[in-house]
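Enquirer: Dumping the structure here so I can ask a few things about it.
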There are 2 protein chains.
Amino acid sequence: MQDFVFCNPTKIIFGDEAELKIVADIKESGYKKVMLVYGMGSVKQNGLYDRVVRRLIKNELYFTDFGGVRPNPVLSHVKEGIEWAQRNSVDCLLAVGGGSVIDEAKAIAAGFYYEGDVWDFFEGVATPTKALPIFTILTLAATGSEMNGGSVITNEEGAKKYVMSSPCLYPKASALNPALTFGVSPRQSATAAADAISHVLEGYFTKKNNLPLNDRMAEALIKTIMKDIEKILKNPSDYDARASFMWSATLALNGIMNVGLKEFIFPNHLIERPMSAIFDIPHGEGLSIVMPAWLAWFRAKEPKKVDRFCKKMFKKSGADGIAAFEEWLCGIGLPTRLEDVGIKASDIEAIAQNAVMGAKGSALYKEYDKKSIEDILKKALKQSN
Amino acid sequence: MQDFVFCNPTKIIFGDEAELKIVADIKESGYKKVMLVYGMGSVKQNGLYDRVVRRLIKNELYFTDFGGVRPNPVLSHVKEGIEWAQRNSVDCLLAVGGGSVIDEAKAIAAGFYYEGDVWDFFEGVATPTKALPIFTILTLAATGSEMNGGSVITNEEGAKKYVMSSPCLYPKASALNPALTFGVSPRQSATAAADAISHVLEGYFTKKNNLPLNDRMAEALIKTIMKDIEKILKNPSDYDARASFMWSATLALNGIMNVGLKEFIFPNHLIERPMSAIFDIPHGEGLSIVMPAWLAWFRAKEPKKVDRFCKKMFKKSGADGIAAFEEWLCGIGLPTRLEDVGIKASDIEAIAQNAVMGAKGSALYKEYDKKSIEDILKKALKQSN
């Protein structure tokens, strides 16, 4: 087990009316000027926005409004948000939405106090040390952003989809009400499951890790997520399945699963990020395409661990095991081949080039050169190719 | 899944020289007057005390000394500690030891600001809302106190061993250096394993819980603890096993395992506490005696869950499964029958009477009356009885 420092101070308010209880939390914490950050308007259509706003008013909290966050949130909109927050002198942010909205809120929070270009944080030129306090109301369980200090933003110039993280970006509190996710479509739910599974898999498969505790916990979590999504697809209003999935997706990336790992690298995310940055496909769909291909490639290096995973999850090993994983992903309605989302063999080079650029300076760089990424992506072409 | 609020802000500093790194943390947090709380002197003998003190001096931190905490820490000593802390106007506590030392430090921390009798907190007459900041250097992994807000103290008058807990009692930071536990004796290590396992089992077996995620995580954790202790007994300086065990024992009672449970009751602890309070036996040894007896009693109510556990851990079910668990406990050198620690059949009534007193007002009270506790304890008599 490697030396580590672990601290995750985010307060989770889980269950009935969590979205209202968190407003009381904001009030009790002494904040006065809230900036509501949200997406493309679904929270207005389903009444959540109104309920939250009424509660803000009831608590005599001043608030201002910043909607329009895109599914793959973009830098230009982050910058608008920073300006808006500064102009209105807000003292905290309340993100209402999924991972994209929360990630953008974090970027706004970090940019608020920074005199330079907020993109510096994503390029690794600077590190956020101070940020506006962030509260979140989660409407789509998937990314884990509600309980970690990470944020992924796409810079439209150059289609760069990069990550920053800092202890100052952990939300103060996050409201997780599973009932708010009843309306998440089957496709989006499956996409979310692929995302959550991938978060656990990255640490689980990182070479050099050999932590039985991590292995067992990771397998417990992935098995749970798989069972949950199967139940959700049968009955989208299955509270227990939505609840179990919501908390599992949070655990998948709140740090607790990766404690003590020698390395925690993100090859699947490295490869997927340019796919969603260039082709604007949902992140989880990209991951569903990358994961089986990456596993097949990785099996040549670490057959034992890949076989262990496939056996535990699908009672099969070798190529059959990976095929079973792909079949399971197809079964929950996800694409698993590049062509399924309109990416062609001729696009592979550009994706690989972009990915290599994103890996620069990280632990990933050594192992994932352009050639390996191309090899992996080729495995994600239709089998007839 | 039940509604819950989860927040665990304790920072864990894990690994090499953690006991020195935490001093820098105290300094950076702005504290100036540290009260060192420790036990019966082993930290002085093994040099840890000196290393920590030198680091405090190097960091220009004023410190005062409060040793003598007993394995089952007692109220009278807590009160001495409160007086000492007040007389020296300390502004934080640094507990160096195992769960007992940390628990006593918490009681001192809570009592420091309280005008009434600190025992009020344990009787449930008052709740701590303010406490001195607590830092800990863990020398014996077992109780999980290094990352939770609980404290167990024994009031010598009436042999009452009660628990208090409060969000203000979470340590600010805890230093976990597995190498500091190399010297923990085989017997103490096994005792610690029984304690950690019991913490997971209490939630796992609480009736009405049916959370697949919790079940899988609990099984992953118990399996890990079992394998770790087997390795530790073979090689007390097995760093990876000591590290895995240390972190597992922390996870077992830092709240993450019990999130969303309908109930989290402590029947094994309820029954064991009077045993260690009256007979001053190590808590983990008492638990090793209670657990198989309780499981046998509980199996009549919930055969499915008990069988599931025994099958997962020992590949056996029914009475054979419970016997296998008891055998495993014996195998790591623990007592499993009352007589093994000098408790006689004629003592059972007094233990049950004390336990019922301790359960008053809690969720346990309904299910565990004097008669049930006596029935359970009778199962822990030598089989010839």
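Computed from the coordinates by the stated procedures, all read-outs in this text should not be read as laboratory data. The structure displayed is predicted, hence computed values, not measured ones. Positions of Cβ are backbone-derived with ideal geometry, glycine not excepted, and every protein chain shown enters the neighbour counts.
Enquirer: 7 Å along Cα→Cβ for the label point: how many nanometres lie between residue B:179 and each equivalent label in the other copies, listed shortest first?
Expert: 5.4
Enquirer: Which whole number of Å³ per residue matches the convex hull of the alpha-carbon atoms in the range B:315-373? Could the numbers behind the result be given before it?
Expert: Values: hull volume 7.5 nm³, N = 59.
Cα convex hull per residue, to the nearest whole number: 127 Å³.
Enquirer: How far, in nm, would the chain grow between residue A:5 and residue A:345 when pulled straight, counting 0.36 nm per residue and subtracting the alpha carbon separation? Please list the in-between numbers first.
Expert: Details: separation 340, 0.36 × 340 = 122.40 nm, distance 4.28 nm.
Length difference between fully extended and current span is 118.1 nm.
Enquirer: Shape of the range A:143-208 from its Cα gyration tensor (a ≥ b ≥ c, root eigenvalues): rounded if a/c is under 1.5, otherwise prolate when a/b > b/c, or oblate? Working shown, then result.
Expert: Details: a/c = 1.33, a/b = 1.23, b/c = 1.08.
Rounded is the answer for the range A:143-208, as its axis ratio a/c remains below 1.5.
Enquirer: Continuing with the same structure: Please list, by residue number, every one of the trypsin sites (Lys or Arg not before Pro) in the range B:162-245 that is coil in DSSP and has at most 12 other beta-carbon atoms within 10 Å. Walk me through the intermediate numbers first.
Expert: Numbers: sites: B:172, B:187, B:207, B:208, B:216, B:223, B:227, B:231, B:234, B:242; in loops: B:172, B:207, B:208.
Answer by residue number: B:208.
Enquirer: Further question: Take the cross-link list B:301/B:360; A:161/A:366; A:262/B:223; B:32/B:79; A:130/A:207; B:160/B:344 and give me the ones stretching past 29 Å between alpha-carbons. Don't jump to the answer; show the numbers that get you there.
Expert: On the way: B:301/B:360 22 Å; A:161/A:366 20 Å; A:262/B:223 22 Å; B:32/B:79 23 Å; A:130/A:207 34 Å; B:160/B:344 20 Å.
Result: A:130/A:207 exceed 29 Å.
Enquirer: Give me the Kirkwood hydrodynamic radius of the range B:252-354, using the inverse of the mean 1/r over all pairs of distinct Cα atoms, in Å to one decimal. Could the numbers behind the result be given before it?
Expert: Values: mean 1/r = 0.0679 Å⁻¹.
Result for the range B:252-354, one decimal place: 14.7 Å.
Enquirer: With Cβ to Cβ distances under 12 Å as the rule, what net charge do the other residues near residue B:53 carry (K, R +1; D, E -1)?
Expert: Details: positive: B:44, B:51, B:54, B:55, B:58; negative: B:19, B:50, B:65.
Here the charged neighbours net out to +2.
Enquirer: Still on this structure, I have one more. For the range B:184-378, what is the charge dipole size about the Cα centre, in debye to the nearest 20, if Lys and Arg each add +1 at the Cβ and Asp and Glu each add -1 at the Cβ? Don't skip to the end; give the middle numbers.
Expert: Details: 27 positive and 25 negative charges, 141 e Å.
In debye, rounded to 20, the range B:184-378 gives about 680.
Enquirer: Report the calculated FRET efficiency for residue A:29 and residue B:45 (r = Cβ-Cβ distance, R0 = 56 Å), to the nearest 0.05.
Expert: Values: r = 46 Å, r/R0 = 0.82.
Efficiency, from the Cβ-Cβ distance: 0.75.
Enquirer: Under a plain spin-label model, where a point goes 7 Å from the Cα along Cα-to-Cβ, how far apart in nm are residue A:156 and residue B:17?
Expert: 4.9 nm
Enquirer: Shifting gears a bit: So which aspartates and glutamates can residue A:208 reach, going by Cα to Cα under 20 Å and dropping same-chain residues fewer than 8 places off?
Expert: In chain and number order, the partners are A:3, A:219, A:263, A:302, A:307, A:367, A:369, B:16, B:228, B:238, B:240.
Enquirer: Let me know the shape class of the range A:11-180, please: from the alpha-carbon gyration tensor, a ≥ b ≥ c as square roots of the eigenvalues, rounded when a/c is under 1.5, otherwise prolate if a/b is greater than b/c, or oblate. Kindly include the intermediate steps, with their values, before the conclusion.
Expert: On the way: a/c = 1.65, a/b = 1.46, b/c = 1.13.
Prolate is the answer for the range A:11-180, as a/c is 1.5 or above and a/b outweighs b/c.
Enquirer: Another one. Name the residue, out of A:36, A:180, A:261, whose mean-square fluctuation peaks in a Gaussian network model built on chain A with Cα pairs under 10 Å.
Expert: A:261
Enquirer: Could you give each residue of the range A:59-65 its phi-based ³J(HN,Hα) in whole Hz, using Karplus coefficients 6.51, -1.76, 1.60 with θ = phi - 60°, and x for Gly or Pro?
Expert: 8, 6, 9, 6, 9, 10, 10
Enquirer: When a/c reaches 1.5 or more, the comparison of a/b and b/c decides; with that in mind, is chain A rounded, prolate or oblate per its Cα gyration tensor? Please list the in-between numbers first.
Expert: Working: a/c = 1.72, a/b = 1.45, b/c = 1.18.
Prolate, since a/c reaches 1.5 and a/b exceeds b/c.
Enquirer: Here is a further query. If you take each beta carbon of peptide B:213-220 and count the beta carbons of other chains within 10 angstrom, what is the mean?
Expert: Partner-chain Cβ atoms within 10 Å, mean over residues of B:213-220: 6.
Enquirer: Next question. Can you give the relative contact order of chain B as a percent, counting alpha carbon pairs under 8 Å and 6+ residues apart? Write down the numbers at each step before the final one.
Expert: Numbers: 720 pairs, mean separation 59.7, N = 385.
It comes to 16 percent, rounded to a whole number.
Enquirer: Given chain B, what percent of its DSSP beta bridges are antiparallel, to the nearest 5? List each step's numbers first, then the result.
Expert: Working: 6 of 30 bridges.
Beta bridges within chain B, antiparallel portion: roughly 20 percent.
Enquirer: Give me the extension gain from residue A:378 to residue A:264: residue separation times 0.36 nm, minus the current Cα-Cα distance, reported in nm with one decimal. Could the numbers behind the result be given before it?
Expert: Details: separation 114, 0.36 × 114 = 41.04 nm, distance 2.47 nm.
Extra length from residue A:378 to residue A:264 when fully extended: 38.6 nm.
Enquirer: Less than 13 Å Cβ to Cβ from residue B:152, Lys/Arg counted +1 and Asp/Glu -1: what total charge do the surrounding residues give?
Expert: On the way: positive: B:70, B:106, B:160, B:161, B:273; negative: B:103, B:104, B:195, B:272.
Here the count lands on +1.
Enquirer: Nearest 0.05, what FRET efficiency do residue A:87 and residue A:371 give at R0 = 51 Å with Cβ-Cβ as r? Walk me through the numbers on the way to the answer.
Expert: Details: r = 48 Å, r/R0 = 0.95.
It comes out at approximately 0.60.
Enquirer: To continue, here is another question. How much mean residue ellipticity at 222 nm does chain B get from its helices, if each DSSP H run of length 4 or more adds -39500 (n - 2.57) and you divide by all residues, to the nearest 500 deg cm²/dmol? Before the final figure, lay out each step's value.
Expert: Values: 16 runs with 196 residues, N = 385.
Dividing the helical sum by the residues of chain B leaves -16000 deg cm²/dmol.
Enquirer: Once you list every other residue whose beta carbon is under 15 Å from the beta carbon of residue B:23, what net charge do they have if Lys and Arg are +1 and Asp and Glu are -1? Please list the in-between numbers first.
Expert: Working: positive: B:11, B:21, B:27, B:32, B:33, B:51, B:54, B:55, B:58, B:172; negative: B:16, B:17, B:19, B:25, B:28, B:50, B:60, B:91.
For residues surrounding residue B:23, the net value is +2.
Enquirer: What does the copy distance list look like for residue A:117, label position 7 Å along Cα→Cβ, in nm and ordered from shortest?
Expert: From this label point to the equivalent ones elsewhere in the assembly: 6.8 nm.
Enquirer: Moving to a separate point now. In chain A, if the dipole is taken from +1 on Lys/Arg beta carbons and -1 on Asp/Glu beta carbons about the Cα centre, which of A:71, A:217, A:233 is farthest to the positive end?
Expert: The Cα lying farthest towards the positive end belongs to A:217.
Enquirer: Shortest first and in nm with one decimal, please list how far the residue B:129 label point sits from its counterparts in the other copies (point 7 Å along Cα→Cβ).
Expert: 3.6
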